[in-house]
Ligand code: PGA
């Protein structure tokens, strides 16, 4: 059913692991991960926290598993204490970077302008954004989810409009009320919402490649029903991705 689309599962480890725990996880599971990617035909992207990123990238160098960061700076370089440049991510071997995650949007008061700059920095360094969008519970309940998500896509559209080369972009729809709560919207609602996203990217489809992901409490059980939504080509998985056996089941549910 989804044989001809690029399928992706992104493991967002957030800050669940310490440095040593991340190292232990990757050493224990790197072979299994590689076999899983071959068996499923779905691309796996591991996004550990910054301190273990370079180690994990090195461990996965000889595999086709990709490594991504959980955020990046909007600036190229300079006096920005505590920030990480897209150039460093590229040098480490990252191919992807999550941006606009609601946990970062909230904690850092991220504006559209900041997100636009982050997308630009990533493209300059040949990384693909995993651009997160999603409405709050209140917006969901008052049926303002559509409007919120299409507004959140404006910074992405403004960058894509000006580009001459072709880029790959993952868009992760993650309703805030679903992240870490165990609550997941109905397939009907999700299908509508992904329709809104499809409409927003429609003018750019010819030039660029898009992968639409769902995120928010994805587990090995709901992944099966979510996979029936035609627009979804993969998942952005938080907590469940820290358990290799759960991650495996989620990835296997995305077989073509
Ligand atoms: P969750 O997180 O799977 O733990 O809900 C998803 C995310 O925030 O990316």
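Some observations on this one:
- Distance between the 7 Å Cα→Cβ label points at residue 61 and residue 31: 2.0 nm.
- The simple spin-label model puts a point 7 Å past each Cα toward its Cβ; for residue 146 and residue 109 those points are separated by 3.3 nm.
- Hydrodynamic analysis of the chain uses the Kirkwood radius over alpha carbon pairs. Inserted into Stokes-Einstein at 4 °C and 1.567 mPa s, it gives a translational diffusion coefficient of 71 µm²/s.
- Computing FRET efficiency as 1/(1 + (r/R0)^6) for residue 191 and residue 83, where r is the C-beta to C-beta distance and R0 is 35 Å, gives about 0.40.
- Simple spin-label estimate for residue 51 and residue 183 gives 3.4 nm between the two label positions (7 Å along the Cα-to-Cβ direction from each Cα).
Coordinate-derived values only; no laboratory data. Keep in mind that what you see is a predicted model, and the values were worked out from it rather than measured. Every residue, glycine among them, receives a Cβ derived from its backbone with ideal geometry; neighbour counts consider all protein chains shown.
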